[in-house]
1. Looking only at the stretch 242-268, which residues are closer than 20 Å to residue 160 by Cβ and of a type in the set (D, E, K, R)?
2. Does residue 226 fit the bill of being farther than 21 Å from residue 127 by Cα and touching a residue at least 24 places away in the same chain (Cβ under 8 Å)?
3. Would you call residue 166 farther than 19 Å from residue 128 by Cβ, in contact (Cβ under 8 Å) with a residue 24 or more places away in the chain, out of contact with any Leu (no Cβ under 6 Å at 6 or more places or on another chain) and among the hydrophobic types (A, V, I, L, M, F, W, C)?
4. List, please: which pairs have Cβ atoms under 8 Å, are six or more places apart or on different chains, and start with a residue in the stretch 171-191 that is closer than 15 Å to residue 118 by Cβ and touching a residue at least 40 places away in the same chain (Cβ under 8 Å) and end with one that is acidic (Asp, Glu) and crowded, with 23+ Cβ neighbours inside 10 Å?
5. Step by step: first the residues of the stretch 260-284, then only those that are under 22 Å from the mean Cα position of the chain (by Cα) and of a type in the set (A, V, I, L, M, F, W, C), then the one that is surrounded by the fewest Cβ atoms within 10 Å (Cβ to Cβ). Which residue is that?
6. Would a scan of the stretch 92-103 turn up a residue that is in contact with a strand residue (DSSP E or B) (Cβ under 7 Å, 6 or more places away or on another chain) and not in a helix (DSSP H, G or I)?
7. Which one is surrounded by the fewest Cβ atoms within 10 Å (Cβ to Cβ) among residues in the stretch 146-183 that are farther than 30 Å from residue 250 by Cβ and touching a Gly at 6+ places or on another chain (Cβ under 9 Å)?
Amino acid sequence: MSDVSGRIDIDTLDEMVEREALAPEPKLIDTVRQVLFGRPSTTIATLIVVVFVAVALAAPWIAPYDPLEQSYIYVNQLPSWQHLVGTDEFGRDVFSRLLYGSRNSLIFGLLSPVLAAIFGTMLGVAAGYFGGVVDRVITRIVDTLMAFPELLLAILISAALGGGFWNIVIVLAIAFTPGFARVARASTLAVKQEPYIESAVSAGLRTPIVIFRHIVPNIMAPIVVLMTLWSASAIRIEATLSFLGLGTQPPNPSWGNVIRDGLNNIFASSWPIIAGGACITVVVLAISILGDAVRDVLDPENAR
């Protein structure tokens with residue numbers, strides 16, 4: 001009986017393995033739906049991110065006041081129907097400044113990781129695929145940059161370049177590039193050993209075709225996961241730089257310098273600090289939850 005039972009179990013296991021191997025790959029729309037709506041927490045996080053992005057896009061139309069308009073009549077007002085989050089020490093409406101500040105914070109949080117992913121993936125793939133001198137040079141540069149924490153590296157570069165929109169984008173992109181390069185290099189080294197890569201090389205395909213058609217698509221899962229997770233870090237670091245005076249320069253609003261202005265006037269009105277900190281906390285938490293969901297869906301071990 002044990003042999004029969006063991007044979008049945010082995011046959012059943014073989015059928016399951018064969019069925020799993022022959023199962024079609026999930027469509028992109030199914031993967032996106034699973035990421036965004038797979039759990040109640042990710043659904044709520046998705047709605048929060050969508051609302052903040054919509055608010056950032058529609059800020060010029062929904063902001064009740066000009067974020068730069070000063071009024072000494074309404075200095076340090078408490079929250080009211082006229083000023084929902086009160087006013088700051090210059091009489092500027094804090095709610096309007098938060099709405100406009102969300103544009104800078106979200107642009108930095110989304111654009112910088114994308115640029116870092118592009119350049120970091122290029123460096124990592126080149127190091128992992130070509131090896132030799134190229135690998136050693138790129139690895140040494142990446143190791144040198146990774147010796148500094150992202151925030152410290154961003155502060156050093158920002159202090160050298162100064163403030164300004166594109167300077168901050170470059171600062172955050174450089175700070176995140178080493179991490180993407182290391183992940184891309186490790187993934188490339190693993191993919192390069194696969195039989196289909198060896199077959200493509202043996203067939204005489206040119207190196208750019210092998211890289212962009214066979215290697216890059218197969219290493220995108222960890223890159224996408226890292227890009228999603230570091231979008232939250234980019235928003236946090238940009239707010240820190242603006243708080244320190246190295247990011248978005250006044251009088252232009254961002255969540256970081258709204259908090260800094262509130263700290264300078266904390267004994268008269270603490271509402272800018274509370275509101276700005278709440279915006280950063282909610283958005284960073286929502287994006288982090290989405291990043292965890294993307295990792296769970298795209299990571300083969302978690303999927304299994």
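The values are calculated or read from the model by the stated rules, or taken from the named source; none is laboratory data. The model shown is predicted, which means the values in this text are computed figures rather than measured ones. Here the Cβ positions follow ideal geometry from the backbone for every residue, glycine too, while neighbour counts run over all protein chains shown.
1. None - no residue of the stretch 242-268 is closer than 20 Å to residue 160 by Cβ and of a type in the set (D, E, K, R), so the list stays empty.
2. Numbers: farther than 21 Å from residue 127 by Cα: no; touching a residue at least 24 places away in the same chain (Cβ under 8 Å): yes.
Answer is no for this residue.
3. Working: farther than 19 Å from residue 128 by Cβ: yes; in contact (Cβ under 8 Å) with a residue 24 or more places away in the chain: no; out of contact with any Leu (no Cβ under 6 Å at 6 or more places or on another chain): yes; among the hydrophobic types (A, V, I, L, M, F, W, C): yes.
Considered against the rule, which asks whether it is farther than 19 Å from residue 128 by Cβ, in contact (Cβ under 8 Å) with a residue 24 or more places away in the chain, out of contact with any Leu (no Cβ under 6 Å at 6 or more places or on another chain) and among the hydrophobic types (A, V, I, L, M, F, W, C), residue 166 comes out as no.
4. Pairs that qualify, where the first residue is closer than 15 Å to residue 118 by Cβ and touching a residue at least 40 places away in the same chain (Cβ under 8 Å) and the partner is acidic (Asp, Glu) and crowded, with 23+ Cβ neighbours inside 10 Å, are 172/238.
5. Here is the first cut: in the stretch 260-284, the ones under 22 Å from the mean Cα position of the chain (by Cα) are 276-284.
Then keep just the ones that are of a type in the set (A, V, I, L, M, F, W, C); that gives 278-280, 282-284.
On the way: 278: 13, 279: 22, 280: 21, 282: 15, 283: 26, 284: 19.
Only one residue fits best here, namely 278.
6. Residues of the stretch 92-103 in contact with a strand residue (DSSP E or B) (Cβ under 7 Å, 6 or more places away or on another chain): 93-94.
Retained after the next criterion (residues that are not in a helix (DSSP H, G or I)): 93.
The answer is yes; a qualifying residue exists.
7. Ranking the qualifying residues of the stretch 146-183, first place goes to 146.
Residues are listed down the side, and each one gets a yes or a no for (1) assigned to a helix (DSSP H, G or I); (2) over 28 Å from residue 53 (Cβ atoms); (3) more than 15 Å from the chain's Cα centre (by Cα); (4) not assigned by TED's automatic domain parsing to the domain that holds residue 190:
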| residue | (1), (2), (3), (4) |
| --- | --- |
| 139 | yes, yes, yes, no |
| 145 | yes, yes, yes, no |
| 148 | no, yes, yes, no |
| 166 | yes, no, yes, no |
| 171 | yes, no, no, no |
